[in-house]
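Each remark here refers to the structure printed beneath this line.
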Amino acid sequence: MTTLSHSPRHGPTRAVLRLHRVPLWVWTVLVIAGAGGLTWLYALGQEAASYGACGGTGMPECATEMRYWGSEHQSAKLLAWLPCGIAACAGAVLTGRELEHGTATLAWTQSVSPARWLAAKLAVPVVALLGGTTALTLMFRWVWGAGPDGGVNRWNSEYFHAAGSVGPAYVLLGLALGAPAALLTRRTLPAMGLALAGIGLAYHLGDRFRSSLWPASEVRGPWDSALNHVDQLEFGMIMESGERVSGLDCSDQAAPGDLGTCLSDHGAVDFYARIHPTSHYWPIQLVETGIALALAAAAVAAAFWVLRRRLP
């Protein structure tokens with residue numbers, strides 16, 4: 001007679017799924033609710049687009065369009081921030097709670113090595129969080145592309161995170177930061193604080209240095225509406241000597257006939273602007289995604305290093 005048994009290879013994964021099934025169900029519900037909300041937003045955008053351009057304040061079509069823009073912006077902010085915060089907390093809680101209560105040491109004595117224990121703690125939320133965030137990101141792009149153009153610049157920080165590969169990458173970074181924070185503090189709440197501070201700092205630095213991730217282009221001539229959807233880095237005038245002086249404009253002399261006079265008054269020959277055009281959008285997305293993933297890998301490596309150093 002032979003005895004059937006579960007493979008010990010999957011034991012830690014099953015344990016994580018069983019122990020943390022409630023947070024996983026909550027995340028599933030949040031993803032489903034987000035997908036439902038974005039589907040509703042798509043329908044609202046289609047309704048607003050069917051009216052055509054908003055013709056005046058107070059008209060029904062204007063109310064629909066304004067409601068769509070406001071809901072779209074709120075969706076972008078939620079998708080940009082909420083999964084990152086959840087990931088940072090998950091990375092800290094999944095690891096920190098067992099260290100705080102001593103159950104991790106018990107697991108290590110039950111034929112589960114510390115490395116396998118930590119790998120299972122990270123692998124399960126990676127699948128759940130990455131899958132859910134990627135699905136919502138794709139849906140947001142679907143909604144944004146189908147609705148009326150509200151004049152929102154695609155380089156807006158929340159939209160940049162919500163509509164591209166950067167968003168899921170920051171989710172992985174938040175999760176990865178939670179693990180070393182928990183292993184260093186061995187307490188859940190301090191680890192959550194450190195992980196949230198870390199992902200917040202990464203988010204801020206990404207916004208600050210994003211424009212430096214790809215060489216900018218220069219365009220000349222007066223600013224026009226065709227440039228409203230670019231990432232403007234610098235605007236000014238080109239002097240007769242060829243020197244570029246930023247910040248000079250002719251906003252009080254907007255009539256075309258006055259621009260030449262304005263240039264002459266400043267001793268300039270033309271306007272210039274340093275920008276990231278639409279063609280730079282995905283290269284910058286991919287570069288920042290690569291940086292976030294590299295930082296996440298470094299955080300995971302740091303977690304395993306700290307685990308080895310702190311083994312009882």
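The values are calculated or read from the model by the stated rules, or taken from the named source; none is laboratory data. Here the structure is a predicted model, which is why all the values come from computation and not from measurement. Positions of Cβ are backbone-derived with ideal geometry, glycine not excepted, and every protein chain shown enters the neighbour counts.
Okay, here's what the table says:
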| read-out | value |
| --- | --- |
| From V269, V306, residue being among the β-branched types (V, I, T) and touching a residue at least 60 places away in the same chain (Cβ under 8 Å) | V306 |
| Which listed residue, of T64, T137, is at pLDDT 90 or above, surrounded by 18 or more Cβ atoms within 10 Å (Cβ to Cβ) and hydroxyl-bearing (S, T, Y) | T137 |
| Residues of segment 1-47 classified as assigned to a helix (DSSP H, G or I), touching a Lys or Arg at 6+ places or on another chain (Cβ under 8 Å) and modelled with pLDDT under 85, total | 2 |
| Contacts under 7 angstrom Cβ, first residue in segment 68-87 being touching a residue at least 12 places away in the same chain (Cβ under 8 Å) and among the aromatic types (F, W, Y), partner crowded, with 18+ Cβ neighbours inside 10 Å and not in a helix (DSSP H, G or I), 6 or more apart | Y68/G147; Y68/P148 |
| Condition met for R154 (assigned to a helix (DSSP H, G or I) and either basic (K, R) or touching a strand residue (DSSP E or B) at 6+ places or on another chain (Cβ under 9 Å) (or both)) | no |
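Yes/no matrix, rows are residues, columns are (1) outside the structural domain of L175 (by TED's automatic domain parsing); (2) assigned to a helix (DSSP H, G or I); (3) modelled with pLDDT of 85 or more; (4) in contact with a His (Cβ under 9 Å, 6 or more places away or on another chain):
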| site | (1), (2), (3), (4) |
| --- | --- |
| T57 | no, no, no, no |
| Y68 | no, yes, no, no |
| E72 | no, yes, yes, no |
| I86 | no, yes, yes, no |
| E98 | no, yes, no, no |
